[in-house]
Amino acid sequence: MRLPERRRTSRRSRRPLRAALALLLLLLLGVAGCGYGSRAPGAAAAPAVGTGPPLSAESVSVGYFANVAHATPLAAVQEGYLTRELGGTRLRTQVFNGGPSALEALNAGAVDIAWMGPSPAINGFLRSGGRGLRIVSGAASGGVALVVDADTKVRGTDIRGLRIATPEAGSTQDVALLHWIRQQGWKVDPRTGRGDVTVVRQSVKEIPTSFRRGAIDGAWVPEPVAAQLVASGGRVLVDEADLWDGGAFVTALVVVDPSFLEDHPDVVEAVLRGAVRTNAWLRTRPAEGRAAVNRAIETLTGRPLPDRVLDAAWRHVRLTADPLAATLAEEADRAERLGLLGGSRDALDGILDLRPLNRVLAQRGEAAVDDAGLGAAASGTAP
């Protein structure tokens with residue numbers, strides 16, 4: 001029997017301890033922008049609040065990255081779409097360097113909702129036995145490429161003998177590169193990265209510097225890093241969109257703490273409603289949208305993206321609330337075959353809960369999105 005009021009009281013009673021642990025965690029993780037600027041890691045931005053009464057929670061903490069794939073939360077916060085939907089519920093934000101730090105913050109209660117890539121979301125779900133998070137929306141598709149030094153002699157797409165970087169072992173792009181290498185018939189140890197191609201694991205903020213210095217020959221990376229490498233003398237060898245049917249594949253998602261989703265579904269819906277409305281604005285007014293996103297990146301990192309980098313990245317990223325669940329499942333299958341999945345692929349049932357998003361879409365007269373059989377309701381794990 002569910003006891004909602006007792007559950008909420010218990011959750012609030014844990015907040016002071018969780019908040020203290022969260023602050024310590026964020027200091028240790030070095031929470032900041034994605035390394036495109038020069039600012040040192042800093043604390044969360046000041047809370048923002050809209051008008052009207054609060055929803056069922058007094059505040060909500062939202063995390064995301066300072067990159068183009070996360071243009072939706074960047075613009076939603078910058079332009080006030082989230083605060084307008086949240087009314088009197090206070091909005092707190094954190095900006096992270098990457099998926100692992102965002103996942104740790106979610107687990108520690110430092111954030112309630114976070115934008116992150118498929119791999120950390122999948123592994124976070126599996127390693128927690130399905131208790132750590134739920135995916136409630138898609139965020140972005142595409143915007144990933146293999147870029148190599150234009151001066152490097154490559155016959156076709158044969159990169160054997162080259163040093164190719166990816167953002168962290170087991171990351172979404174790492175799995176994509178290793179899967180593609182296997183498709184070519186080449187051999188690389190997924191754990192060590194050694195083989196016919198040398199796979200170098202680096203953070204996204206280090207990759208452009210390594211590329212300029214000649215420490216790596218190329219990288220399989222998301223935007224805007226791919227555009228940065230092209231601007232530094234690289235050329236696109238493989239656009240990952242060309243490897244997927246229809247060119248669509250999930251690169252960013254929105255996840256939520258399951259307890260927060262159970263206790264405050266109205267707040268989750270408000271955040272998703274703000275995100276969907278932001279995407280509509282970004283589609284209809286792209287020039288204003290790009291400018292708003294770049295202002296947010298400059299505020300968070302200390303330096304805006306150069307226009308040619310931002311324009312190139314913007315062309316290759318598609319913002320969408322659809323989690324493209326079939327491609328999420330395929331990415332998990334690939335990681336499992338490579339031995340880089342943090343659990344059994346069969347245990348992914350229930351990772352998606354798209355009911356809040358589909359309610360938002362129905363209110364707008366838009367079609368529901370599909371969970372490809374990975375939905376919480378179908379698996380019996382829904383709150």
Would you mind pulling out the separation of the Cα centroids of the stretch 236-291 and the stretch 92-123, in Å?
15 Å
Just for the Cα atoms in the stretch 290-383, what are the lengths along the principal axes, largest first, rounded to whole Å?
46, 41, 22
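Select from the chain the helices, each a whole stretch of DSSP H, whose alpha-carbon atoms run 20 Å or more along the helix axis and whose Kyte-Doolittle mean is at least -1.0; answer none if there are none.
Working: long enough: 4-29 (34 Å, -0.21); 265-284 (29 Å, 0.07); 286-301 (22 Å, -0.20).
Span-like helices, by this rule, are 4-29, 265-284, 286-301.
If packing is taken as the average number of other Cβ atoms within 10 Å across a peptide's residues, how do 186-192, 135-141 rank, most packed first? Provide the component values of the computation, followed by the final result.
Working: 186-192: 14.1, 135-141: 27.4.
Answer by packing, highest mean first, reads 135-141, 186-192.
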Candidate values [x] 20.9; [y] 18.3; [z] 23.7, label of the one derived for mean projected area of the Cα convex hull in nm²
[y]
Please report the accessible area of H316 (heavy atoms, 1.4 Å probe, ligands and nucleic acids excluded) in Å², nearest 10.
80 Å²
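Rounded to the nearest 500, what is the chain's calculated 222 nm mean residue ellipticity when only DSSP H runs of at least 4 contribute -39500 (n - 2.57) each, over all residues? Present the calculation step by step, with values, prior to reporting the outcome.
Details: 15 runs with 164 residues, N = 383.
When only DSSP H runs of four or more count, the value is -13000 deg cm²/dmol.
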Give the carbon-plus-sulfur fraction of the accessible surface of the stretch 152-233 in %, rounded to a whole number; probe 1.4 Å, heavy atoms of protein chains only.
43 percent
Tell me the per residue accessible area of the stretch 230-383 using a 1.4 Å probe; a whole number in Å² is fine.
41 Å²
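Please arrange L374, L55 by accessible surface area, largest first, computed with a 1.4 Å probe and ligands excluded.
Details: L374 5, L55 60 Å².
Sorted descending by solvent-accessible area, the residues read L55, L374.
What is the antiparallel percent of DSSP beta bridges lying wholly in the chain, to the nearest 5? Numbers along the way, then the final one.
Working: 25 of 43 bridges.
If we restrict to bridges inside the chain, about 60 percent are antiparallel.
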Once label points are set 7 Å from the Cα along Cα→Cβ at both R90 and D158, what is their separation, rounded to one decimal in nm?
6.2 nm
Taking H as built 1.01 Å from N, whose amide H comes closer than 5 Å to the amide H of R90, not counting residues under 5 places away?
S59, V60
Through the Karplus equation 6.51 cos²θ - 1.76 cosθ + 1.60, θ set to phi - 60°, convert the phi angles of the stretch 204-217 into ³J(HN,Hα) values in whole Hz; use x for Gly and Pro.
4, 6, 8, 4, x, 5, 4, 5, 5, 7, x, 6, 10, 8
Net charge of neighbours whose Cβ lies under 14 Å from the Cβ of A150, counting Lys and Arg as +1 and Asp and Glu as -1
0
Hey, got the Cα dimensions of the stretch 45-112 along the principal axes, in Å, largest first?
35, 26, 17
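What GluC sites (Glu not before Pro) in the stretch 50-114 are in a loop by DSSP, with at most 16 other Cβ atoms within 10 Å of the Cβ? Let's see the in-between values first.
Values: sites: E58, E79, E85, E104; in loops: E58, E79.
Listed in order of number, the matching sites are E58.
Give me the Kirkwood hydrodynamic radius of the stretch 215-360, using the inverse of the mean 1/r over all pairs of distinct Cα atoms, in Å to one decimal.
Values: mean 1/r = 0.0556 Å⁻¹.
One over the average 1/r among Cα pairs gives 18.0 Å for the stretch 215-360.
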Average projected area [Cα convex hull, the stretch 114-176], square nanometres:
5.8 nm²
With a 1.4 Å probe and all protein chains kept in place, how much accessible area does I159 have, in Å² rounded to the nearest 10?
0 Å²
Log10 I(q)/I(0) at q = 0.20, 0.22 Å⁻¹ for the stretch 57-174, from Debye over equal alpha-carbon scatterers, is -1.14, -1.30
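The values are calculated or read from the model by the stated rules, or taken from the named source; none is laboratory data. Quick caveat, the model's predicted, so the values are computed rather than measured. We place every Cβ from the backbone using ideal geometry, glycine too, and count neighbours over all the protein chains shown. Surface areas here come from the heavy atoms of the whole protein model, side chains and all, with no ligands, DNA or RNA. Shrake-Rupley method; radii C 1.70, N 1.55, O 1.52, S 1.80 Å.
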